[in-house]
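Structure first, commentary second.
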Amino acid sequence: MMITPLEKWIANRINVAGRLDLKRLYEYQLERFCETLANVKKNSRFYKRHLAEVVPSDIRDMGDIARLPLTTPDDIASDPEGLMCVSPREVGRIVTLGTSGTTGRPKRVFFTKEDQELTMDFFHHGMMTMTDAHDIVMICMPGGTEGSVGDLLQRGLARFGCKSIVYGPIKDYSHALDMIVNEKITCIVGIPAQILYIARMSENSTCRVTLKSVLLSADYVPASAASVIKNAWGAILYEHYGMTEMGLGGGVACDAGEGYHLREADLLFEVINPVSGLQVRAGEYGEVVFSTLTRQGMPLIRYRTGDRGRFLTERCPCGSSLQRLDRITGRLAAPVTLADGNRFSITQLDDALYKEPSIVTYAAELQTVNGRDCLRIIVKPASGPADLESLVQRIKMELPSLFKEERLLLHVEEGDVDYFTTGTLKRKIIDSRL
Ligand SMILES: [Zn+2]
């Protein structure tokens, strides 16, 4: 098992010769954090007000950081320019994210050329975990424009001589499968729903395809994913954790496949109690929060991701002393409460529906039908018409407490679902009840 390449990369970034010194990393993070704090208090309209009481020189350790106010997705949505710390002409790329949070307004995130350079640097070293100069990577992520995730990934890969094709999100699965064969692809990067579908399709095709590795990013990865990838292609599954606000990249699994090593020279991660805002003890679950340490365009202080996670407390089997964030398995997004008091979340639906190989993905909405709660699920079938009746049975069987005595109605239909996200786990149950 190879030690995560992030260890050497981070040691270089913080000027440590030889093995990474965690004490030195911690000092580096604290210094960069205080610099960022001084920067946002001077240059960001939002943080001037939000952190008015905070004196950067008072921040001496993690405990002091943990007492600072949090930043929410709504803060970005309500006034994105208010978080900007550079003049508009220094912005190299603006990413607009779909509506989220309570404002219903799209979030805009700004990056400078230097910010994008740091993302490429992370992609370069992170991808060395699973690829080398002999590989040909198929990138099934958006990549049409300069500075998009596909573009930065391709440029990061080129830095160690690794070839890649920016294929984009898959629309025609047969075409994508031909591409894998014809271009002698050895590694695929994409979102779970699409890659797992094409893996199953490949397994059933007469043409045997072997890949070295697969990197899944940007959404919930079902527990069964590793075996699907292994059976179809003999490939090893790696997971990436990131969201646009993190600068697209946040952390990546090593050969041990247990949690993500993090981009710690650029980001400081915490896990907090979502109610009290205080840090939880290492190993306990809470909400993942991060601060940017090197970001110029739109630095963020203690940004709430809404993702449920925890730090792993044991040293990684790969031999690295870097900490690991456990696999993100769900959103903290408030579960919906039904008329009968029962509560459930998108994660439970994910577990029930992503086991079903006949569908690619789904969307869920709660409605009121004849005065009763009704869960409407729109499924995008893999091919041909979906067997809706057996899906209904399956969902009811997987979630018996929700549907017993018909307290919650269930309606499943087929439709087109727009499901490509560049963040993590952005899907949610849409509550449209009267
Ligand atoms: Zn490791």
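The values are calculated or read from the model by the stated rules, or taken from the named source; none is laboratory data. All values derive from a computational prediction rather than experimental measurement. Because the Cβ atoms are built from the backbone with ideal geometry, glycine has one as well, and the counts that use them run over all protein chains shown.
Taking the condition of being part of a loop (DSSP other than H, G, I, E, B) and either at pLDDT below 95 or closer than 9 Å to residue 170 by Cβ (or both), how many residues in segment 186-202 meet it? Talk me through it step by step, then tell me what you get.
Of the residues in segment 186-202, the ones part of a loop (DSSP other than H, G, I, E, B) are 186, 191.
So of that shortlist, the ones also either at pLDDT below 95 or closer than 9 Å to residue 170 by Cβ (or both) come out as 191.
Counting residues in segment 186-202 that are part of a loop (DSSP other than H, G, I, E, B) and either at pLDDT below 95 or closer than 9 Å to residue 170 by Cβ (or both) gives 1.
Out of the residues in segment 246-291 meeting the condition of being touching a Phe, Trp or Tyr at 6+ places or on another chain (Cβ under 8 Å) and among the hydroxyl-bearing types (Ser, Thr, Tyr), tell me which one is farthest from residue 20 (Cα to Cα).
For segment 246-291, the residue satisfying everything is 291.
For residues that are away from the ligand (no atom under 16 Å from the Cβ), buried (at least 24 other Cβ atoms within 10 Å of the Cβ), part of a loop (DSSP other than H, G, I, E, B) and on the phi < 0 side of the Ramachandran plot, tally how many sit in segment 244-268.
2
Restricting to segment 391-415, give me the number of residues that are surrounded by 12 or more Cβ atoms within 10 Å (Cβ to Cβ) and either part of a strand (DSSP E or B) or among the hydroxyl-bearing types (Ser, Thr, Tyr) (or both).
Matching residues across segment 391-415 total 5.
Taking the condition of being touching a Lys or Arg at 6+ places or on another chain (Cβ under 6 Å), touching a residue at least 60 places away in the same chain (Cβ under 8 Å) and assigned to a strand (DSSP E or B), how many residues in segment 332-385 meet it?
6
Determine if segment 286-309 includes at least one residue that is within 16 Å of the ligand (Cβ to nearest atom) and part of a strand (DSSP E or B). Full working, then the answer.
Going residue by residue through segment 286-309, those that are within 16 Å of the ligand (Cβ to nearest atom) are none.
No, because not a single residue in segment 286-309 is within 16 Å of the ligand (Cβ to nearest atom) and part of a strand (DSSP E or B).
Residues checked against (1) over 30 Å from residue 158 (Cβ atoms); (2) under 19 Å from the mean Cα position of the chain (by Cα); (3) assigned by TED's automatic domain parsing to the domain that holds residue 157:
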position	(1), (2), (3)
31	yes, no, no
38	yes, no, no
67	yes, no, no
71	yes, yes, no
91	no, no, no
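Could you give every pair whose Cβ atoms fall below 9 Å, whose first residue belongs to segment 151-171 and is on the phi < 0 side of the Ramachandran plot, and whose second residue is aromatic (Phe, Trp, Tyr) and assigned to a loop (DSSP other than H, G, I, E, B), counting only separations of at least 6 or pairs across chains?
Close Cβ pairs (under 9 Å, with a partner that is aromatic (Phe, Trp, Tyr) and assigned to a loop (DSSP other than H, G, I, E, B)) amount to 169/420.
So, in segment 2-49, how many residues would count as being assigned to a loop (DSSP other than H, G, I, E, B) and in contact with an Asp or Glu (Cβ under 6 Å, 6 or more places away or on another chain)?
Of the residues in segment 2-49, 2 are assigned to a loop (DSSP other than H, G, I, E, B) and in contact with an Asp or Glu (Cβ under 6 Å, 6 or more places away or on another chain).
Please tell me if residue 90 is touching a strand residue (DSSP E or B) at 6+ places or on another chain (Cβ under 6 Å) and charged (D, E, K, R).
Here the answer is yes, as residue 90 does meet what is asked.
Just to be sure I understand, how many residues within segment 9-32 are within 16 Å of the ligand (Cβ to nearest atom), in contact (Cβ under 8 Å) with a residue 60 or more places away in the chain and surrounded by 15 or more Cβ atoms within 10 Å (Cβ to Cβ)?
Total meeting the criteria: 4.
Which residues, counting only those in segment 315-368, are at pLDDT below 80, surrounded by 20 or more Cβ atoms within 10 Å (Cβ to Cβ) and hydroxyl-bearing (Ser, Thr, Tyr)?
354, 361
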